[in-house]
Amino acid sequence: MHLKVAAAVAARWGFLSSQEAHEIGRRVLNEAPVTQVPDPSPIIVGIIFGAFCGALVGFILTRIVRFIAYMAGRNFGGNFLILIFAVAGAAILGWLGAVGKYSLIR
């Protein structure tokens, strides 16, 4: 790309004709390797959405497990299941966003 800019500057100052500068620029563009930078937004959205959905499932399951434990005469305290499901949901949907087949953003 720098060669194309240098050719354009040289053509502007009269060192090259505009046709020669155009030819150099065309060759630079044709020979330059095309690299695609992966887009991280599906992974980020998947992690955020997965953490939210996992926390939601964790809240619901924690309430159900607490109710069942209460009915059985046991004490079930803590919010450990919420954290576990939030991390699991973030990991699963982040991985699916990275794979791209089931991405939330196309």
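At an R0 of 25 angstrom, the distance between the Cβ atoms of Phe67 and Val87 translates into a FRET efficiency of 0.60.
By the beta-carbon count within 10 Å of each Cβ, the least crowded to most crowded order of Ile43, Ile84, fewest first, is Ile84, Ile43.
Label sites at Phe59 and Asp39, each approximated as a point 7 angstrom past Cα along Cα to Cβ, lie 3.1 nm apart.
Only Cα pairs under 8 Å and 6+ residues apart enter the sum, and on that basis the relative contact order of the stretch 41-99 stands at 60 percent.
Every number here is computed from the coordinates shown, using simple stated rules; none is lab data. Keep in mind that what you see is a predicted model, and the values were worked out from it rather than measured. Note that each Cβ is placed from the backbone with ideal geometry, even for glycine, and that neighbours are counted across all protein chains shown.
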